[in-house]
Amino acid sequence: MKPKNRAEIWKQQKYNNSCAWDCFSMLLATHGVETTALDLVGASHIPYQLRLHPEEKRLSAGMLVQADGTVNPVLGRFGFHLNSRRTPTIAEYIALARETLRNGDALITNLKRPDNLPGRHAIVITELRESCFIGLDPDCRLDRATDYSYFDVEEIVALDFTEEELVIAASGEEGFVPLIGVLSPCTPQEPDSPLLQDVFKRSNDALEFYFSETEDLDFTNGESMQIIYSVIKPIVLDLRTAIEIRDEFLNQESEIASFLRGFESEILHLRKLVKNGKAIPEEIVNGLRDSLKRSYRILEEHLSFRAYRNEGK
């Protein structure tokens, strides 16, 4: 395996919610494979897949560090598989991280975002040095319009966790423990049809949940904001990001990405009005209802197995 020099491995996050893909690119760099998030998502016929967590009745959008089968259709093209494990407790999580690093493997995991920002953020941990976990953050705080060298931002993106600090960053509500993902080499391969169909089935399950939760949504009161932010916004943001990456890779500008950007702006505007205690104008309510209905069709079309086949492999 290639020496884990942080300056050589680090990748800058250039897209909203692409931190996991920048981390996969960093993991591949530890194996001597040079990629970017643009290479990974752009070369895939599967953009970010929606994934339903039925045990939590909560929807998460994005090919994040969630399950081997979710990301392997993409990584397999580059000759690697993700093997991921979730331990029952944080103590076992730390023990697994130590064991993984002592075996010479770098790992991907997702921690609380810095500065008390909401949500979680994918990072790479490359080695264990004495009692310190050495890692890298693709960094969601940098200006995406600027290309930084590692040495320009080393103080921000280089991570050094004590065990206590890692426990605090990894722990979630109600005993949540994040996955630990490790890459293993395989023969470069295209995803097989049964695997793809399973991934698309998960997307369809998630879409059914999306429809059921939003079909009768009342945009005129603050109670709807929880559904808007836990169901609508994550899907719109993650899928829009994936499509923008694909568009850049294919040197095109799709109508879908443009629509999702506008829909996201509508959601943020509604949030601002609700947060400030202002009345919601009828035209905004009607516009959001129309955009929501349009999103059903767009998501169904974009995330269907038939659409994937029609694109051509």
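The values are calculated or read from the model by the stated rules, or taken from the named source; none is laboratory data. Because the structure is predicted, anything quoted here is derived from the model rather than measured. Please note: Cβ atoms are built from the backbone with ideal geometry, for glycine as well, and neighbour counts cover all protein chains shown.
Against the definition (more than 22 Å from Ala37 (Cβ to Cβ), modelled with pLDDT of 85 or more, of a type in the set (D, E, K, R) and out of contact with any Leu (no Cβ under 8 Å at 6 or more places or on another chain)), how does Lys275 come out, yes or no?
Values: more than 22 Å from Ala37 (Cβ to Cβ): yes; modelled with pLDDT of 85 or more: no; of a type in the set (D, E, K, R): yes; out of contact with any Leu (no Cβ under 8 Å at 6 or more places or on another chain): yes.
Spelling it out, it is not the case that Lys275 is more than 22 Å from Ala37 (Cβ to Cβ), modelled with pLDDT of 85 or more, of a type in the set (D, E, K, R) and out of contact with any Leu (no Cβ under 8 Å at 6 or more places or on another chain).
Being assigned by TED's automatic domain parsing to the domain that holds Pro281, within 30 Å of Ala257 (Cβ to Cβ), outside any helix (DSSP H, G or I) and out of contact with any Ser or Thr (no Cβ under 8 Å at 6 or more places or on another chain): is that true of Asp216 here?
In short, yes.
State all residues of the stretch 1-13 that are modelled with pLDDT of 90 or more and among the charged types (D, E, K, R); if no residue qualifies, say none.
Selection gives Arg6, Glu8, Lys11.
Exactly one of (1) in contact with a Ser or Thr (Cβ under 7 Å, 6 or more places away or on another chain); (2) modelled with pLDDT of 80 or more is unmet by Leu303. Its number?
(2)
State whether one or more residues within the stretch 24-35 are in a helix (DSSP H, G or I), in contact with a Ser or Thr (Cβ under 6 Å, 6 or more places away or on another chain) and at pLDDT 85 or above.
Looking for residues that are in a helix (DSSP H, G or I), in contact with a Ser or Thr (Cβ under 6 Å, 6 or more places away or on another chain) and at pLDDT 85 or above, one finds at least one in the stretch 24-35, hence yes.
When the stretch 232-246 is examined, which residues are found to be surrounded by fewer than 22 Cβ atoms within 10 Å (Cβ to Cβ) and closer than 25 Å to Asn276 by Cβ?
Residues satisfying the conditions are Lys233, Pro234, Leu237.
Does Thr214 satisfy being surrounded by 12 or more Cβ atoms within 10 Å (Cβ to Cβ), modelled with pLDDT under 85, over 27 Å from Arg86 (Cβ atoms) and of a type in the set (Ser, Thr, Tyr)?
No.
Of all residues in the stretch 149-182, count the ones that are part of a helix (DSSP H, G or I) and under 19 Å from the mean Cα position of the chain (by Cα).
Of the residues in the stretch 149-182, 3 are part of a helix (DSSP H, G or I) and under 19 Å from the mean Cα position of the chain (by Cα).
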